[in-house]
1. What does the C-alpha gyration tensor say about the overall shape of segment 116-229? Classify as rounded when a/c is under 1.5, otherwise prolate if a/b is larger than b/c, or oblate.
2. Using 7 Å Cα-to-Cβ label points, what is the Arg28/His203 separation (nm, one decimal)?
3. Using amide H atoms built in the peptide plane, which far-off residues or other-chain residues are under 5 Å from Leu107 H to H?
4. In the chain, what percentage of the DSSP-assigned beta bridges are antiparallel, given to the nearest 5?
5. Could you give the size of the charge dipole of the chain about its Cα centre, using +1 on the Cβ of each K and R and -1 on the Cβ of each D and E, expressed in debye and rounded to the nearest 20?
6. Quick one: Debye curve from the C-alpha atoms of the chain, no solvent, what's log10 I(q)/I(0) at q = 0.14, 0.16 Å⁻¹?
7. To the nearest 20 debye, what charge dipole does segment 16-150 have about its Cα centre, counting +1 at the Cβ of each Lys and Arg and -1 at the Cβ of each Asp and Glu?
8. Step through the residues of segment 261-267 one at a time and calculate ³J(HN,Hα) from phi using the Karplus curve (6.51 cos²θ - 1.76 cosθ + 1.60, θ = phi - 60°), rounding each to whole Hz and writing x for Gly and Pro.
Amino acid sequence: MTADTLDCLVVGGGPAGLVAGVYLARFRRRLRVVDAGGSRLASIPRSHNVPGYPDGVAGAELLRRLREQAGRYRVPIEGGRVERLAGRDGAFEARCGGRTLRAHKVLLATGARDMVPDVPGVEAGLAAGTVRYCPVCDGFETQHQRVAVLGRREHGLREALFLAGFDNQVTWLSLGTQQDVAPAELAQLRERSVLVADAMPLHIRCRPGEGVEMEMVDGRRLAFGVLYPALGLRHACELATALGARARGDGQLVVDDHLQTTVPGLYVAGDVAAGLNQISVAWGHAAIAATAIHNALPLVAPRADRP
């Protein structure tokens with residue numbers, strides 16, 4: 001490794017990557033954040049469970065504030081995509097936009113993407129708050145409404161039960177998979193008065209301010225205040241697994257107590273790490289991983305101009 005080798009390369013500029021950048025900069029480490037854009041945070045209309053924001057905060061505003069905070073410590077943030085990562089502990093090379101970045105440690109904060117149903121109006125519904133993806137984040141705001149959960153098998157069933165806990169009238173749109181669920185689990189739906197529509201949706205209209213209208217293949221028309229697609233997440237783990245890092249079946253990377261993957265020197269934080277997909281969890285991951293990286297590196301050299 002040459003003199004221009006970074007102490008740490010952070011891949012991803014969402015909540016986890018930016019907080020990790022702040023920590024590493026305050027540890028006086030040489031770092032760079034490479035951000036391909038598209039953080040899920042930017043698409044959140046307003047979140048009410050972020051610590052320190054009692055009136056809630058729009059995702060785009062929170063992202064702006066995090067970038068502003070990183071700027072206070074001169075965290076280098078550049079746009080781009082890391083296409084390939086090679087090496088392991090003490091010697092990583094990342095290909096980004098036709099050039100090579102070198103780093104002793106790498107922290108992946110590459111996040112995840114919601115599996116979006118291929119129906120018209122979903123994006124407009126997301127902006128208006130009639131389509132939502134995270135019942136842990138905003139289930140509280142749905143209380144006493146007609147709520148639809150669009151998801152297959154146990155995943156859709158569990159989310160329907162979760163949202164029924166907010167005194168909602170929930171309908172599980174099982175996409176023809178009700179017969180794949182055990183009778184005991186279906187009994188739980190009946191206990192919570194969750195309805196089941198097993199027919200396939202033919203058309204969905206998400207109208208801002210008016211809720212969701214759905215036409216089924218059997219001719220029924222259903223109306224809801226909120227629609228939760230529960231089709232799963234695609235975790236951006238490919239850079240890590242290409243190096244041999246172990247991942248769960250859903251793509252979340254297996255980590256130790258310091259957020260290090262099974263590849264020495266490769267750390268992760270945020271949704272791509274095994275655990276709960278939450279902003280506050282991503283921040284905690286970033287703090288743990290950045291501190292572990294700092295402690296694993298040689299001591300910071302004293303500045304020549306210190307008093």
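1. Oblate is the answer for segment 116-229, as a/c is 1.5 or above yet b/c matches or exceeds a/b.
2. Output for this residue pair reads 6.6 nm.
3. Leu9, Val10, Val11, Tyr267
4. Within the chain, antiparallel bridges account for around 50 percent of the total.
5. So the dipole magnitude of the chain works out to roughly 1160 debye.
6. Rounded to two decimals, the profile gives -1.03, -1.20.
7. 920 debye
8. Along segment 261-267, the couplings run 6, 6, 9, x, x, 9, 10 Hz.
Taken together, the values in this text are just the output of simple stated rules run on the coordinates, not laboratory data. Remember, predicted model here, so these are calculated numbers, not experimental data. Neighbour counts run over all protein chains shown; Cβ positions are idealised from the backbone, glycine included.
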